[in-house]
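For reference, the structure is listed below as structure tokens.
The values are calculated or read from the model by the stated rules, or taken from the named source; none is laboratory data. Source: prediction; values computed, not measured. Cβ atoms come from the backbone with ideal geometry, glycine included; neighbour counts cover every protein chain shown.
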Amino acid sequence: MDTLPEITIPIPSAIKLHKRSKTLEVQFGHETFQLEAEFLRVLSPSAEVRGHGNPVLQTGKLNVAITGVEMVGQYAIKLIFDDGHDSGIYDWGYLYELCHNKEAMWDEYLQALRDAGASRDPEVSVVRLFQ
């Protein structure tokens, strides 16, 4: 009987919350990444954001901050945001993906905002004049 190859999911060696800069510093081995609170909030793995297969575009999260980080077993962290969102469980695999694909994921999010005529800024309402 053939056995499947073992899949190794990288485990962070350090995670630090920097409240002033609103960033989460994540270290995988010798690589260190800075993930902004807004980025983590709009790409939360929660059902509220992922929408059970129909993602819900998060708008107006420019000023969001992370107020806490909690361990979830030995496999993930839960981030608590100052807008009340606290249901996303960021497992090590997803956190690794966010770190290594940050630019592409952010560009995709920004394009989705443009396509929807929405804004990152909670104080801005976008009005489309022409379709």
Original post:
If you check Glu31 against the conditions, is it among the acidic types (Asp, Glu) and closer than 29 Å to Ala116 by Cα?
Top reply: no
**OP:** Please state which one of Leu35, Leu62 is under 11 Å from Arg120 (Cβ atoms) and at pLDDT 95 or above.
**Re:** Leu62
**OP:** Could you list all residues from the stretch 49-61 that are surrounded by 14 or more Cβ atoms within 10 Å (Cβ to Cβ), in contact (Cβ under 8 Å) with a residue 12 or more places away in the chain and of a type outside the set (Ser, Thr, Tyr)?
**Re:** Val49, Gln58, Gly60, Lys61
Subject >> Residues of the stretch 29-43 satisfying the condition of being more than 18 Å from Lys19 (Cα to Cα) and assigned to a strand (DSSP E or B) >> reply: Glu31
Subject >> Unique match (being without any contact (Cβ under 8 Å) to a residue 40 or more places away in the chain, touching a Phe, Trp or Tyr at 6+ places or on another chain (Cβ under 9 Å), surrounded by 14 or more Cβ atoms within 10 Å (Cβ to Cβ) and not polar (S, T, N, Q)) among Ala65, Ala76 >> reply: Ala76
Original post:
Looking at the stretch 19-40, which of the residues that are free of Cβ contacts under 8 Å to residues at least 40 places away in the same chain and within 16 Å of Leu95 (Cβ to Cβ) is nearest to the chain's Cα centre (by Cα)?
Top reply: Glu36
Original post:
Taking the stretch 44-88, which residues are farther than 20 Å from Ser13 by Cβ and part of a strand (DSSP E or B)?
Top reply: Thr67, Gly68, Ile80, Phe81
